[in-house]
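Working notes, structure below.
The values are calculated or read from the model by the stated rules, or taken from the named source; none is laboratory data. Computed from a predicted model, the values in this text were never measured in an experiment. Neighbour counts run over all protein chains shown; Cβ positions are idealised from the backbone, glycine included. Accessible surface is based on the protein model in full, side chains and every heavy atom, while ligands, DNA and RNA are left aside. Shrake-Rupley method; radii C 1.70, N 1.55, O 1.52, S 1.80 Å.
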Amino acid sequence: MIKIAILTCNEIDPLACNDDHQIIPYLQDQGIEAVVKVWNSPNENWQDFDFLIIRSTWDYCENISEFNKFIKSDEIKNKIFNSPDIVLNNYNKSYLLELEKNHFEIIPTTISPLNESVIKSSFEKFNTTKLIAKPLVGAGASGITVLEEGSLSIPKSEQEMMIQPFQESIVSDGEVSLIFFNSRFSHGILKLPKEGDFRSQEEFGSKIVSFTPDKELEDYAREALLSMTKESLYARVDLLKNSEGHWRLIGEIELIEPALYLSFDQQSPERFAKAISKRVKG
């Protein structure tokens with residue numbers, strides 16, 4: 001029997017949607033034994049596993065050198081999903097600028113260290129009174145700063161940040177996420193931030209409901225994914241509404257450790273298990 005490790009981390013926010021265990025009985029039906037393992041456990045013998053699947057390794061950003069070493073190690077690199085190449089190309093959110101070059105819509109973005117001059121010019125460039133600054137490498141809402149014109153507090157950062165005009169649509173309409181297995185659409189969700197907040201992650205009290213995209217949106221998200229890689233086992237494409245009210249602004253294409261929200265679609269755990277089976281059995 002094929003043996004798979006579903007990779008997680010030691011500490012997970014109890015409010016986070018961590019439901020990957022739902023695939024285990026469906027993998028069993030496919031003749032695959034799956035167990036959940038902490039990716040940086042010091043006593044694990046990874047040679048005991050035929051394949052590894054990166055899932056809720058949500059502490060990798062704080063341990064990025066160790067994580068890189070882990071996924072690129074000789075005993076791991078040829079049997080892990082998503083592959084090291086996919087993961088390494090997805091760390092830095094500057095990939096969004098490549099999507100824009102390929103004619104997909106993103107939130108207008110400047111990449112620069114934060115200082116008073118850059119912030120002032122960004123207000124002018126984007127013709128806005130509210131900006132958002134995000135780390136180029138980071139998970140969830142970690143490190144995000146909202147900047148309002150006229151504020152006496154001017155944050156500074158020597159590391160490069162993504163600077164964007166704040167999108168009011170996230171507050172009013174939320175964010176949709178479309179989930180793909182082997183580049184095929186599986187299911188979608190809509191995340192609505194709680195009142196008074198802009199963060200769509202469930203850890204901050206957002207409301208999550210199932211979402212069914214129309215064919216045009218499904219195809220748009222899939223084409224964006226395929227422009228980055230055709231080899232992903234799993235992927236999540238996050239989108240906001242543009243100024244015309246269409247779900248077209250790509251916030252992220254998550255290829256490392258996205259929550260897949262299997263709990264919001266009854267058939268999705270089986271779909272994911274079948275996608276895994278197809279990859280590991282050839």
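The table below gives the values:
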read-out	value
Computed accessible area, VAL171, all protein chains, 1.4 angstrom probe, square angstrom	70 Å²
Sparsely packed GluC sites (Glu not before Pro) within segment 57-90, loop by DSSP, other Cβ within 10 Å at most 14	GLU75
Alpha-carbon centroid distance for the pair segment 179-232 / segment 63-123, whole angstrom	18 Å
Point-to-point label distance, ASP50-ASN102, nm (Cα→Cβ direction, 7 Å offset)	3.1 nm
Label point 7 Å beyond Cα of ASP29 along Cβ direction - residues of segment 259-282 with amide nitrogen under 18 Å	262-281
Over segment 1-142: Rg over Rh, Cα atoms, Kirkwood Rh	1.08
Where LYS207, LYS191 fall by accessible area, highest first, once all protein chains stay in place (1.4 Å)	LYS207, LYS191
Selected from LYS72, LYS120, LYS130 as most flexible by GNM, with the chain as the system and alpha-carbon contacts under 10 Å	LYS120
Principal axis box of the chain, alpha-carbon based, largest edge first, Å	62, 41, 36
Relative contact order (%) - criterion: Cα under 8 Å, at least six apart; region: the chain	21 percent
Spin-label pair ILE111/GLU223, simplified geometry with 7 Å Cα→Cβ offset, distance in nm	2.4 nm
Average accessible surface area per residue within the chain, 1.4 Å rolling probe, Å²	49 Å²
15 Å cut-off, amide nitrogen to a point 7 angstrom out along SER183 Cα→Cβ, residues in segment 77-106	83, 86
Set LYS37/LYS93; LYS72/LYS230; LYS79/LYS101; LYS207/LYS274 screened for pairs whose C-alpha atoms are more than 25 Å apart	LYS37/LYS93; LYS79/LYS101; LYS207/LYS274
Within the accessible area of the chain (1.4 Å probe), percent carbon and sulfur	45 percent
Residue among ASP50, ASP20, ASP238 with the largest mean-square fluctuation in a Gaussian network model of the chain, springs linking Cα atoms under 10 Å	ASP50
